[in-house]
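Encoded as C-alpha cells, the structure appears first; notes follow it.
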Amino acid sequence: MKTYTLAVIRGDGIGPEIVEETLKVLDRAGERFGFRFDYKPCLMGGCAIDQTGLPLPPETIEICKACDSVLLGAVGGWQWDSLPGHLRPEAGLLGIRAALGLYANLRPARIFRPLRQASPIRQDIIGEGLDIMIVRELTGGIYFGERGRTEKAGQPAAFDTECYTVPEIERIARVGFEMARKRAGRLCSVDKANVLESSRLWRETVLRVAADYPDVELSHMYVDNCAMQLVRHPRQFDVIVTSNIFGDILSDEASMISGSIGMLASASLGESSGSRAFGLYEPIHGSAPDIAGQGIANPLATILSGAMLLQYSLNEPAAAAAIEAAVNKALETKRTGDIFEAGYEKVGCAEMGNAVCEGLG
Ligand code: IPM
Ligand code: MG
C-alpha cells in the first residue's frame, strides 16, 4: 500500500492531545482512500528544551528532511518564558521554518457553515460566507533581520530590522498569484509603502511579477487599512499576500472572523516539485497551557491542517475533501468548549476526533 512518512512534532501544552486526534483521523482517511502513514515522532519546543537543552535539536531537522512532510501540534508555555530569546520554544518554530526553507505560509480564514452564528462579525457582513486565503512570507523580513541591543541618545535601546530581497518577494508573490488563479482570481498585496522602503520594494516587485499573471486582478492595500477592511467588508478579499510580520498580525485578526482561532489550519511550504510540495502543517493557535491535559481542547484546527497536508503535499485531494466534510458534519451536532452554543452536545478533544473519524465512514 502507498505509505507516506510523516514527521510528527507533538510539542507542548495541548499539542499532544490535538495531534493524537489528528493521527486517528489521518489513519481513518488512509483506510478509506488506500494509503497509510509511517509516523516519525520528534521533539521541538519546550519538551525539547527539557530533554535536550535545545528548542530545536538537530536530529529533529534530520528526521523532518527525510519525511514526506511534517505535522506539528503547538509549542510554548509559561515554564520556558523566562529563557533568553534564542532558547525559547518559539525559537524552535522559527528555526524549523528556516531550516526547512518553508517560505510560504498559507492561512485560510473561512466560515464553517454550522458555525456561522459563532462569528463576531454581523451576519449581513458575512453574507453568503467568507473564504479568505492569507499568504504570509515566512522566512524573511523583521523576524529574521538583524536585531540587537544598542544605545541611542545615551539611552539603552533595541532594534529589529525589516529587510527583503527581490527574489524573496518574487517567490512569495508568485505563490499569491498562483493561489488567486486557483480561486476567485483576486490578489491583494498588503504593505506599508507610504512609510517603509522595504514595502516600496515589495510593491514594485509584486507589480513586476503581475505581468506574468494578466488573468489575476491585483490590488494593493496599506496594512492599517487592511486591518480595518477585514472587519468592515471582509468579503472583498480573496487572496492576501503579505510580509512575515503583517501576515502574523492579519491572520490572527482574520481567524476571529470564523468564530474561533481553534478552527484554523495552516500550511508552510517550500519549493515544490511537481504536484507535491514538502510542507509543515500546524494549527494557527498556540499551545494553550491553561487547558493542557484536561482533554477539552478543540482538535479541529489540527485535523484541518491534516486535510491541508493531504491536499498540498500528498496530492490526495479526495481524502482532504472528505476530512473537511466530516468536520462540518461533526459540527452539526457536537461542539468543544471554545465553540459551544446551546443546543449542541458539548464534547472533549477525543470525542471530537472520534466524531470526525465516524464522519469519514
Ligand atoms: C504564528 C506564531 C509565531 C509567529 C510565533 C509563536 C513565533 O504567532 O505562527 O503565527 O509569530 O510566527
Ligand atoms: Mg501568530
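The values are calculated or read from the model by the stated rules, or taken from the named source; none is laboratory data. Please read these numbers as outputs of a predicted model, since none were measured by experiment. Backbone-built Cβ (ideal geometry, glycine too); neighbour counts: all protein chains shown. For the accessible areas, the whole protein counts, side chains as well, though only heavy atoms, and no ligand, DNA or RNA atoms are used. Shrake-Rupley method; radii C 1.70, N 1.55, O 1.52, S 1.80 Å.
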Within region 303-343, which residues are open to solvent by 70 Å² or more (accessible area, probe 1.4 Å) and either over 28 Å from R36 (Cα atoms) or touching a residue at least 24 places away in the same chain (Cβ under 8 Å) (or both)?
N315, K329, E332, T333, D338, F340, A342, G343
Those residues of region 228-262 that are more than 15 Å from ligand 1 (Cβ to nearest atom), of a type outside the set (S, T, N, Q) and touching a Lys or Arg at 6+ places or on another chain (Cβ under 9 Å) come to a total of 6
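Here's the yes/no breakdown for (1) aliphatic (A, V, I, L, M); (2) over 19 Å from the mean Cα position of the chain (by Cα); (3) in the same structural domain as L309 (by TED's automatic domain parsing); (4) within 22 Å of A265 (Cα to Cα):
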site	(1), (2), (3), (4)
Q51	no, yes, yes, no
P55	no, yes, yes, no
C67	no, yes, yes, yes
D81	no, yes, yes, no
L94	yes, no, yes, yes
Members of region 149-206 found to be of a type in the set (S, T, N, Q) and within 19 Å of M133 (Cα to Cα), listed by number:
S189
Note on V135: of the conditions (1) away from ligand 1 (no atom under 14 Å from the Cβ); (2) in contact with a Leu (Cβ under 9 Å, 6 or more places away or on another chain), unmet is (1)
Could you tell me which residue of region 163-191 is most open to solvent (accessible area, probe 1.4 Å), considering only residues that are over 18 Å from F237 (Cα atoms) and not in a helix (DSSP H, G or I)?
C163
